[in-house]
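The values are calculated or read from the model by the stated rules, or taken from the named source; none is laboratory data. Computed from a predicted model, the values in this text were never measured in an experiment. As a convention, Cβ positions derive from the backbone with ideal geometry for all residues, glycine included, and neighbour counts pool all protein chains shown.
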Amino acid sequence: MTTLALNNVSKSYDAENVLSDVNFEVADGEMIVIVGPSGCGKSSLLRMVAGLEPITAGEVLINGQVVNKVEPKDRDIAMVFQNYALYPHMTVFANMAYGLKLRGLSVDAIKKRVTETALLLGLENLLERKPAALSGGQRQRVAMGRAIVRKPAIFLFDEPLSNLDAKLRVRMRLEIKALQQRLGVTSLYVTHDQVEAMTLADRLIILNDGAIEQIDTPMKVYQRPASTYVAGFIGTPPMNLLKCRVVSSNKNEVSVVHHEGATFRLPGGRVAKASSDEVTVGIRPDHLVISEGNQAKLQCAVQAIETLGSETLVHGRIAETPEDSAPFIVKLDGNTLPRIGEVLPLSYEMDALHLFDGNTGLRLASS
Amino acid sequence: MIEHRPLGRLMSHLIIIVGLLVIAFPVWITIVAATHDSVRVTQVPFPLLPGDQFFINLKAMFSSREEAIGGIPVGMMMLNSLVMALMIATGKICISLLSAFAIVYFKFRFRMFFFWMIFVTLMLPVEVRILPTFEVVADLGMLNTYWGLTIPLIASATATFMFRQTFLSIPDELLEAARIDGAGPMRFFFDILLPISRTSIAALFVILFIFGWNQYLWPLLITTEKSMYTIVMGIKSLLETADGEPAWHIIMMTALMAMLPPVIVVLCMQNLFVKGLTETEK
Amino acid sequence: MLKRVHFRSSWLPYALVAPQILVTLVFFMWPAGQSIYQSFLIEDAFGFSTEFVWFENYTYLLTDSLYFDTVFRTLFFSFSVAFLSLSIALLLAGFVDRIIRGAMFYRTMLIWPYAVAPVIAGALWVFMFDPTLGILTAMLDSFGWHWNHRLNGGEAMALVIIAATWKQISYNFLFLVAAMQAIPKSLIEAAALDGAGPLRRFRTIIFPLIMPTGFFLLVVNVVYAFFETFGIIHVVTGGGPAKATEILVYKAYSDGFIGLDLGGSAAQSTILMIGVVLLTVIQFRYVERQVDYSS
């Protein structure tokens, strides 16, 4: 039973502030994925939990105990590194046995545990090989084996899949998910890949520029993003975000306009907390459908299409959106193949619209 | 260090500093000896702090009439060392650049034969061919000349190998683009290859300058006239001249002068120096 | 070895390699050949008569107990210098690798002795150990040890070992630090997380991984001690007292230039040549082919 908590944790390197006031808790057996772009501070966060970086401010608690001053080896933590960090001069067996040997387990106990873990990961035939003789995927599994065999209280994963090719990555993330659920070890996983994050997480933490944007389950993050940053980060292709101005608002309906010719009506009562009448409307490409004639709420001029077989992505322009802004993306069925220059009449459900404050980017929810 | 142990860190620094002091000790003593007069220097106990005779000893050393050191002109020696070191360094670099260029970029008969011939010189330091090389140089009338001092030392393979390695790592596309642009081999060499290899050349220059300046056995053998002595080999003569005790204060000052140029080069061009060392040893 | 894209010219490559090949032939090949040829001769001191004696010079050397003494002495000297300078360099490199602040400064302060010529190093140390006024002699005196390397062969050997070691520490230090810093930091962190303290990390992770460099340095150190220390021997002891510090290269020089035994000296040079070839072959075979540990 292991819980992890971070209270008001901040990290600075000399004058540069990398993380500010991070707060979250991880329940026993939960897999939390921290996702964000390069440089957002996620690796620093992980390394502070591991004890490899000093904590500038705040506390890290494992099972309720403050561990700020506890050495890494005493925190009962195992880490899977991005480049695996396998000891190149030792066999796979020795790599996995190293930590156990240091903890004084008997030769027999070590042998038993290592072979058990090897079987779990499909490594039983590779035990006598050295890392240089293994493929990327095999090395990744040895790195995990080394972590698992120690039966630690917490698993830490530092972008372990980023050095693998795409196909292997897909397979490995499912294996990691299954493994973690089977072993039930509290885990913290760091990645920049949002698909990986969505697949693996029990809960997601989206980090941007050293601050937490949202902590939630993957579905909630997808369906109710807390900010334009999260909205644009999670989901492929990304959500269309349009700058709009509030035209009218009452408790039933809010009407906003994006340049001429594009008016959006949303369920009411949201804009009370807005900082001004500038808002951002968001709608996901998959929530748009081609509609019949006068049912259409939007007109989209097609500028480019991507034929993916299973679906077609249309990049276009609606209304008077300036040429240099991001294209408006619509996801259609793979059999629908519009032509460039065609104007598509589009429609959507009112509930599918998201509304964000135009200045802060935060979600404006209905009261 | 990963552990948060200030005591451990302090210990590490201390041990390193002790090491530093032990290493620097001989040179400290040299400075001390060079700054006292002949009387104080021979007294026991030996002083631990420098004296005030630095400039006096410096002047005495440079004056070629100083009897205590056998009338050997120190200034002359330093000049000889400088010329020798510069000639060796530039000579080695020029020759090796040309050879490496030929071996890497040309296909010609005997290419591998020449390569192995150059390679073999790695295994023939001057110390294993002293007598015969001396004879050759004497027969060519090159004793007591700058040419005699430098040419026998400029053909060893380390520089060639290093340049070869550098050239091998340059992408083929560069040559193809140059050819399309109409460059012939020598144009390519001067306009493209050399500028790209600038840092390697500089690094090697540092190493070779030090190598050249510090030559001992070879200058010892082929210079018989005092005016051609180099300062590094001249030390031995200084130690041998005296009828009584050697004039340690002047000798140590000379040693200081002999050490100074290479040490300054290492200190000022440290990064180039390290690069040169690590790359020539591959 | 040859670039995929290359030039074909009839005369240019020959012109380019000509300088180096020329110098190599005149000053390396020819003298080396002469050396080997002369080792089969006995010349009298004035060069009046020469006699071709096949391997007589060699058999004389190889049955000469004095020569074998010199061989063992040289080996003892070499390995002492190698062992001492490597150990001290390892110690210093290990500690410099651990700290972050000041690493650059320490490195600068530790590598400059490389620039000092061996003969100068010898001059410095012989001054400090001078039997009458050396500062270290005085210190030893206070412990009742009357140092005089001019009389005591063991002390003479110790002195040249110290002088030679002093200079080599820098070189070894440089390479060892580079080797240690080539080890990915994540490896050390993984070991720390596995529960290994600093000493154990050094023993089980760092040391095994710098072995290739260590072995390479061993060969370089031995070659250094065999040849480049000529200056030290010459200036410190002149091979004495009573040949206590006469190493192979010195003996070759002294027998040749001073004793004027040209045949014998040439034979010694040839034997040394074979030794260098062996060492170079070992270096290229084993060191270059060491398993590349980088994943």
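Results, tabulated for the structure shown:
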read-out: Candidate set: the range A:72-86, residues that are of a type outside the set (G, A, S) and closer than 13 Å to A:Q140 by Cα; chosen: the one farthest from the other protein chains (Cβ to nearest Cβ); value: A:V80
read-out: Helices (runs of 4 or more DSSP H) wholly inside the range C:163-241 that include at least 3 residues being hydrophobic (A, V, I, L, M, F, W, C); value: C:185-194, C:207-223, C:230-236
read-out: Sole residue being in contact with a helix residue (DSSP H, G or I) (Cβ under 8 Å, 6 or more places away or on another chain) and surrounded by fewer than 19 Cβ atoms within 10 Å (Cβ to Cβ), chosen from C:Q181, C:Q168; value: C:Q181
read-out: Enumeration of residues in the range A:114-137 that are among the small types (G, A, S), in contact (Cβ under 8 Å) with a residue 24 or more places away in the chain and farther than 19 Å from A:E175 by Cα; value: A:A132
read-out: Test: residue in the range B:133-148 that is in a helix (DSSP H, G or I) and in contact with a Ser or Thr (Cβ under 7 Å, 6 or more places away or on another chain); value: no
read-out: Candidate set: the range C:121-161, residues that are within 13 Å of another protein chain (Cβ to nearest Cβ) and out of contact with any helix residue (DSSP H, G or I) (no Cβ under 9 Å at 6 or more places or on another chain); chosen: the one surrounded by the fewest Cβ atoms within 10 Å (Cβ to Cβ); value: C:S142
read-out: Which listed residue, of C:S9, C:S65, C:S35, C:S78, is within 17 Å of C:K251 (Cα to Cα), at pLDDT below 90 and surrounded by 13 or more Cβ atoms within 10 Å (Cβ to Cβ); value: C:S35
read-out: The range B:139-152, subset free of Cβ contacts under 8 Å to residues at least 12 places away in the same chain and over 18 Å from the mean Cα position of the chain (by Cα), residue farthest from the other protein chains (Cβ to nearest Cβ); value: B:G141
read-out: Residue check, A:L242 under 25 Å from the mean Cα position of the chain (by Cα), surrounded by fewer than 17 Cβ atoms within 10 Å (Cβ to Cβ) and among the hydrophobic types (A, V, I, L, M, F, W, C); value: no
read-out: In the range B:202-247, the residues that are surrounded by fewer than 24 Cβ atoms within 10 Å (Cβ to Cβ) and under 30 Å from B:D52 (Cβ atoms); value: B:K236, B:S237, B:L239, B:E240, B:T241, B:A242, B:D243, B:G244, B:E245, B:P246
read-out: Residue check, C:A121 closer than 14 Å to C:I169 by Cβ and in contact with a Phe, Trp or Tyr (Cβ under 7 Å, 6 or more places away or on another chain); value: yes
read-out: Tally, over the range B:225-277, of residues that are under 11 Å from C:I120 (Cα atoms) and among the basic types (K, R); value: 1
read-out: Residue match in the range A:350-358 (condition: closer than 25 Å to A:A226 by Cα, touching a Phe, Trp or Tyr at 6+ places or on another chain (Cβ under 9 Å) and buried (at least 18 other Cβ atoms within 10 Å of the Cβ)); value: yes
read-out: Scope the range B:153-177; condition in a helix (DSSP H, G or I) and aliphatic (A, V, I, L, M); matching residues; value: B:L153, B:A157, B:A159, B:M162, B:L168, B:L174, B:L175, B:A177
read-out: Any hit, the range A:163-173, residues being more than 21 Å from the chain's Cα centre (by Cα), more than 22 Å from A:G99 (Cβ to Cβ) and not in a helix (DSSP H, G or I); value: no
read-out: Matching residues, the range C:180-206, being more than 10 Å from every other protein chain (Cβ to nearest Cβ) and not charged (D, E, K, R); value: C:M180, C:Q181, C:A182, C:L199, C:F202, C:I206
read-out: Some residue of the range A:117-125 being in a helix (DSSP H, G or I) and small (G, A, S); value: yes
read-out: Residue count, the range C:96-110 (criterion: more than 7 Å from chain B (Cβ to nearest Cβ) and under 24 Å from the mean Cα position of the chain (by Cα)); value: 1
read-out: Single residue of the range B:109-122 satisfying the filter (at the interface with another protein chain (Cβ under 7 Å from one of its Cβ atoms) and surrounded by fewer than 20 Cβ atoms within 10 Å (Cβ to Cβ)) that is farthest from the chain's Cα centre (by Cα); value: B:M117
read-out: Long-range neighbours under 6 Å by Cβ, at least six apart or interchain, first residue farther than 15 Å from B:W147 by Cα within the range B:81-102, second acidic (D, E); value: none
read-out: Whichever residue in the range A:11-43 is under 16 Å from the mean Cα position of the chain (by Cα) and small (G, A, S) and, among such residues, is surrounded by the most Cβ atoms within 10 Å (Cβ to Cβ); value: A:G36
read-out: Subset of the range B:123-138 that is modelled with pLDDT of 85 or more and buried (at least 20 other Cβ atoms within 10 Å of the Cβ) - its residue that is nearest to the other protein chains (Cβ to nearest Cβ); value: B:T133
read-out: Scan of the range B:4-26 for residues that are at the interface with another protein chain (Cβ under 7 Å from one of its Cβ atoms) and either in contact with a Cys (Cβ under 6 Å, 6 or more places away or on another chain) or within 12 Å of C:P113 (Cβ to Cβ) (or both), ordered by number; value: B:G19, B:L20, B:I23, B:P26
read-out: Residue check for A:Q138: closer than 27 Å to A:E196 by Cβ, within 14 Å of chain C (Cβ to nearest Cβ) and polar (S, T, N, Q); value: yes
read-out: Those residues of the range A:142-197 which are more than 19 Å from A:V35 (Cβ to Cβ) and buried (at least 21 other Cβ atoms within 10 Å of the Cβ), in sequence order; value: A:V142, A:A143, A:M144, A:G145, A:R146, A:A147, A:I148, A:V149, A:R150, A:V185
read-out: Candidate set from the range C:10-66 (those that are more than 30 Å from B:I95 (Cβ to Cβ) and β-branched (V, I, T)); member that is farthest from the other protein chains (Cβ to nearest Cβ); value: C:T63
read-out: Top-ranked residue in the range B:178-204 [being in a helix (DSSP H, G or I) and closer than 17 Å to C:R8 by Cα; ranked as modelled with the highest pLDDT]; value: B:F189
read-out: Any hit, the range C:67-81, residues being in contact (Cβ under 8 Å) with a residue 60 or more places away in the chain, under 25 Å from the mean Cα position of the chain (by Cα) and within 13 Å of chain B (Cβ to nearest Cβ); value: yes
read-out: Subset tally (residues that are modelled with pLDDT of 85 or more, facing chain C (nearest Cβ under 8 Å) and surrounded by 23 or more Cβ atoms within 10 Å (Cβ to Cβ)) for the range B:153-175; value: 2
